[in-house]
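Each reported figure results from applying straightforward, stated rules to the coordinates on display, with no laboratory input. Just so it is clear, the structure is predicted and the values come from calculations on it, not from any experiment. Counting neighbours? That spans all protein chains shown, and the Cβs are built from the backbone with ideal geometry, glycine included.
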Amino acid sequence: MVKVEMSELRRYLSAKKTQELCDELVELFKLFPNVKEHYAAKLNPASETEILKKYKKLVRNEFYPERGFPKMRYSIAKKAVSDFKRISKNPKNIADLMLVYVESGVDCTMEYGDIDEKFYYNMETMYDEAAAYISENNLRKEFWKRCKKIMEQPQGKVGWGFSEELSETYTKYFPPNEFQD
């Protein structure tokens, strides 16, 4: 694939008239669903709720589908989180989706039993990323209960050191006695 540098794109766009730029954006809007979602969220922030629902369903379906067995395609679930991060500017919604990823994985392992090391590594990594993101965006008070539930749910029920990793991450970002039920 030929790589186009940002400077090259800027030169191309700066040579365009206003109407031509509008036409370019409309074409991108028509061709790419992510561009459509980006502008939907930007122009009508209330629509982000519907967009978030779509991405939650994508993530949840990989680990805990309504019908059939989980496919556990980590690349699809991670891409959904990554795509939503580019669309949304709302840290609460981004944190929510990241936690849905881990909650879905925990539900999956609780339903189907121990899975494999790759599965737990992916869950632990996303949990750590979510907890770090929550902490960086000063959302700990809003999300600590969900993070705690994720950490507690598999304790004593799942192998691979999964519970210990979740506990370690939880304690790292949510110090003991900081929040009470």
| Total charge dipole magnitude, the chain, about the Cα centre, Cβ charges on Lys, Arg, Asp, Glu only, Debye to nearest 20 | 760
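Mind sorting Val59, Val4 by how few other Cβ atoms lie within 10 Å of their own Cβ, fewest first? Mind dumping the intermediate values first?
Values: Val59 25, Val4 9.
Least crowded to most crowded, the residues run Val4, Val59.
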| query | Hey, what angle do you get for helix 91-112 against the long axis of the chain, alpha-carbon based, 0 to 90 degrees rounded to 10? | reply | 50
| When the scattering of the chain is computed by the Debye formula from its Cα atoms alone, each counted once and equally, what is log10 I(q)/I(0) at q = 0.08, 0.10, 0.20 Å⁻¹? | -0.34, -0.50, -1.32
| note | Fewest to most Cβ atoms within 10 Å: Phe69, Phe162, Phe119 sort as Phe69, Phe119, Phe162
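When Val100, Val158, Val2, Val35 are ordered from fewest to most other Cβ atoms inside 10 Å of their Cβ, what list results? Working shown, then result.
Values: Val100 24, Val158 19, Val2 3, Val35 16.
Final ranking by Cβ density, sparse to dense: Val2, Val35, Val158, Val100.
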| query | Angle between the Cα long axis of helix 140-152 and the longest principal axis of the chain, 0 to 90 degrees, nearest 10? | reply | 50
| field | Karplus-derived 3J(HN,Hα), 6.51/-1.76/1.60, for each residue of region 24-30, Hz, glycine and proline x | value | 4, 5, 5, 4, 4, 4, 6
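Helix-only estimate, please: 222 nm mean residue ellipticity of the chain, summing -39500 (n - 2.57) across DSSP H runs of length 4 or more and dividing by its residues, to the nearest 500. Write down the numbers at each step before the final one.
Values: 9 runs with 131 residues, N = 181.
After summing the helix terms and dividing by the residues of the chain, the value is -23500 deg cm²/dmol.
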